[in-house]
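Data block below; observations after.
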Amino acid sequence: MRPGHGQVLHFSEDPSITRFVPHVARTARQPQARVWAVDVDCSPDYWFPRQCPRAMAWVTPSTTPQDRERIIGAGGGDRVHAVEYGWLEAMRTVRLFAYRLPASAFEPVGDPVHAHVATVEVTPLGPPEPVGDLFDLHDQAGIRLLVLSDLWPFWDAVTTSSVGFSGIRLRNARPRQ
């Protein structure tokens, strides 16, 4: 589930959204009201239940061969995602939807870009599309999906390595041991 040319995506468990109104998210670091979306590269970051904590890592031009094998794995592919066992049932059963939005309403955020934001109301280009099986999406995209009892050792290894990384909803992970 990725956006087409001239599109960005917003993933949601709510299939009834007819317009996206800028708002300040509870966890926002900036006071500006925004509508959030992602591009083709960041779409896999959201192939999860909304509140699911996940740690993600990928190969960059500066990734060492040792870190690639240690973090990403020897099985091929350039990306790995990790979740906790406690989220497996939610990953199996969540009804996740993707809304296609016009990219022209959005500006990229971050360097490298990790999201796109709009400061105006945005109407979806059509009805929401069911995302489908999250495990199949990862498999089809060649993304290894690790299931761990504790995300923190993986996260610590990732953040001290040469791979690119992102963590989402880590506040929902099991407490550090």
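Bear in mind these aren't lab numbers, they're just calculated from the coordinates by the rules spelled out. All values derive from a computational prediction rather than experimental measurement. A quick note on method: Cβ atoms are made from the backbone with ideal geometry, for glycine too, and the neighbour counts reach across all protein chains shown.
Considering only Asp67, Asp156, Asp111, give the residue with the highest GNM mean-square fluctuation for the chain, with springs between Cα atoms whenever their separation is below 10 Å. Judging by the Gaussian network model, the answer is Asp111. Computed from the C-beta positions of Ser62 and Gln140, the FRET efficiency with R₀ = 35 Å rounds to 0.80. Sequentially through the stretch 85-100, phi angles give Karplus couplings (6.51, -1.76, 1.60; θ = phi - 60°) of 3, x, 9, 4, 4, 5, 5, 6, 10, 4, 9, 9, 10, 10, 9, 8 Hz, Gly and Pro residues having no value and appearing as x. Put simply, the amide H of Leu146, placed in the peptide plane, has neighbours under 5 Å in His81, Ala82, Val83, leaving out anything fewer than 5 places away on its chain. With the gyration tensor restricted to C-alpha atoms of the chain, the semi-axes of the equivalent ellipsoid amount to 27, 18, 17 Å, longest first.
Among Thr160, Thr64, Thr123, the largest mean-square fluctuation in a Gaussian network model of the chain, built with springs joining Cα atoms closer than 10 Å, belongs to Thr160. In order along the stretch 53-58, the phi-based Karplus estimate (6.51 cos²θ - 1.76 cosθ + 1.60, θ = phi - 60°) of 3J(HN,Hα) comes to x, 8, 10, 10, 9, 8 Hz; Gly and Pro are listed as x. Taking the Kirkwood radius as Rh and the Cα radius of gyration as Rg, the stretch 24-74 has a ratio of Rg/Rh equal to 1.09.
Applied to the stretch 69-82, the Karplus parametrisation 6.51 cos²θ - 1.76 cosθ + 1.60 on θ = phi - 60° returns per-residue 3J(HN,Hα) values of 5, 6, 9, 7, x, 8, x, x, x, 10, 8, 9, 10, 10 Hz, with x for Gly and Pro.
In terms of the ratio Rg/(2.2 N^0.38 Å) built on C-alpha atoms, what value belongs to the stretch 79-123?
Relative to the 2.2 N^0.38 Å estimate, the stretch 79-123 comes out at 1.64.
Residues of the stretch 1-42 with the amide nitrogen closer than 18 Å to a label point 7 Å from the Cα of Glu121, along Cα-to-Cβ, please. Counting backbone N atoms under 18 Å from the label point, the list is 16-24, 33-36.
The stretch between Thr160 and Arg2 holds 53.9 nm of extra length on full extension. This uses 0.36 nm per residue minus the Cα-Cα distance. A Förster distance of 41 Å, applied to the separation of the beta-carbon atoms of Arg176 and Asp133, puts the FRET efficiency at 0.85.
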